[in-house]
Amino acid sequence: MAMQTIAVEDHHPTAWYGEMSAKEKSTFWACTGGWILDAMDVQIYSFAIPAIIAAFHLTNADAGLIGTSTLLASAFGGWFAGALSDRFGRVRTLQITIAWFAIFTFLCGFAQNYGQLLFFRATMGFGFGGEWAAAAVLIGEVIRPEHRGKAVGSMQSGWAIGWGIAALMATAFFSWLPQETAWRALFWVGLTPALLVFFVRRMVDEPKVFEQTQKNLDAAGKTTNFLEIFSPSIIKTTALTCMLSIGAQGGYYAITTWLPTFLRTERKLTVFATGGYLAVIIIGSFIGYLVSAWLNDKIGRRANFILYALCSIVTVWAYTQLPIDNTMMLYLGFPLGFFASGIFSGMGPFLTELFPTRVRGSGQGFAYNFGRGIAALNPFFVGMLSATLPLGQSIGVFALIAYGILITAALLLPETKGRVLTAEAG
């Protein structure tokens, strides 16, 4: 794997955008727009749950199964799309995944029963996971090395924007429309991301490093093999990046899944159910993503992961151990969103720089989504442990384990800040 490392000069936090070329900017906005709209389509469901439960006479477990199936399908979709991008191209795969999740979100609005909604939502998840894999690889290969961390991390901040758009739409639709129509209208609006495909088709080109690698492979009569990420030369990177992803997502799921229940049942707080608390978390997440993106190129990938992991642990400790009233709870929503979400800004650039071009999509898609699949078990483990320990301590234990895994992986992986991606011989 031929790679170089270049020195990264200090820049004003926003100067990097002005220094990008027109092609870099087009790619940045295509990938960021895709992620914003992906987040919007995913988060729509959380706001529609009460109306869906009423419409189809579901239990909370039924509604939870839809969310779980979406998450599991997204894990497979991410790996599949990553492998697809190595074989057929980053841009083409991005177009397919955006159209996929938009169409199946739209179809959710026409579901006539629970089974149909479960199918449409799970199938949508396949495209949801695939979009991140394709977009993260594409933008990581196009953006110049000194700005890669800032650009890919800033793309990640689009999740908070999409989440906010979903919240605003839900508020408006449930205010203006009957409940039985409002939840369907939310899903129908989910078709709008498909329009982005036309922008991607006209304005975004394949990364030069990918095209040259493909030419070299073709000249040598070779094709990409997604199983190469398990070969002796790459398996260590694959294993450690899976650990990194398990840690980041395991901590996030342990915290966000159970904290509301802990605060409601053990602290008797109600503010987390308000729009104000949700707004504070979303704003904290957005700023956390952007700060983390800038720090990626400032202090390095590994140091940034460790910093955010340690701060996430402190935040969980504050939530579960300090005496908190509703007012303090509102303020603590900011660091919760800032650190637990912002840690993901480093994932895209780090994984891009760690895998060779010929299997970058496969490696990045597998590592991130394998981590998602394993981390999805954390809420279950927290629930099991809470039968023995208080719920707050159970959350803390598994958050500490998850972020400990992340810190260990970060220490064992090489620093890649400023790494130049080069085409590989066939």
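The values are calculated or read from the model by the stated rules, or taken from the named source; none is laboratory data. Given the structure is predicted, the values throughout are model-derived calculations rather than measurements. When we count neighbours, we look across all protein chains shown, and the Cβ atoms used for this are built from the backbone with ideal geometry, even at glycine.
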Restricting attention to the stretch 86-103, which residues are among the β-branched types (Val, Ile, Thr) and either outside any helix (DSSP H, G or I) or in contact with a strand residue (DSSP E or B) (Cβ under 8 Å, 6 or more places away or on another chain) (or both)? none
Given (1) crowded, with 24+ Cβ neighbours inside 10 Å; (2) modelled with pLDDT under 85; (3) of a type in the set (Phe, Trp, Tyr), where does residue 199 come up short, assuming only one miss? (1)
Being surrounded by fewer than 21 Cβ atoms within 10 Å (Cβ to Cβ) and of a type in the set (D, E, K, R) is the filter here; which residues of the stretch 142-172 pass it? 144, 146
Step by step: first the residues of the stretch 202-220, then only those that are buried (at least 16 other Cβ atoms within 10 Å of the Cβ) and of a type in the set (A, V, I, L, M, F, W, C), then the one that is farthest from residue 136 (Cα to Cα). Which residue is that? 217
Need pairs with beta-carbon distance below 7 Å; first residue within 14 Å of residue 359 (Cα to Cα) and touching a residue at least 12 places away in the same chain (Cβ under 8 Å) and within the stretch 218-243, second aromatic (Phe, Trp, Tyr) and outside any helix (DSSP H, G or I); sequence gap 6+ or separate chains. 237/355
Restrict the check to the stretch 55-75 and report whether at least one residue is out of contact with any Lys or Arg (no Cβ under 9 Å at 6 or more places or on another chain), among the β-branched types (Val, Ile, Thr), more than 16 Å from residue 375 (Cα to Cα) and surrounded by fewer than 22 Cβ atoms within 10 Å (Cβ to Cβ). yes
Flagged in the stretch 101-119 as over 18 Å from residue 32 (Cβ atoms) and surrounded by 22 or more Cβ atoms within 10 Å (Cβ to Cβ), in numbering order, are 104, 105, 108, 117
Which listed residue, of 409, 387, is out of contact with any Asp or Glu (no Cβ under 8 Å at 6 or more places or on another chain) and assigned to a loop (DSSP other than H, G, I, E, B): 387
Filter result for residue 233 (surrounded by 22 or more Cβ atoms within 10 Å (Cβ to Cβ), among the small types (Gly, Ala, Ser) and more than 30 Å from residue 55 (Cβ to Cβ)): no
Filter the stretch 387-400 down to the residues that are in contact (Cβ under 8 Å) with a residue 24 or more places away in the chain and over 28 Å from residue 229 (Cβ atoms) and list them by number. 390, 391, 392, 393, 394, 395, 396, 399, 400
Among the residues of the stretch 288-299, is any among the aromatic types (Phe, Trp, Tyr) and either over 30 Å from residue 26 (Cα atoms) or at pLDDT below 85 (or both)? no
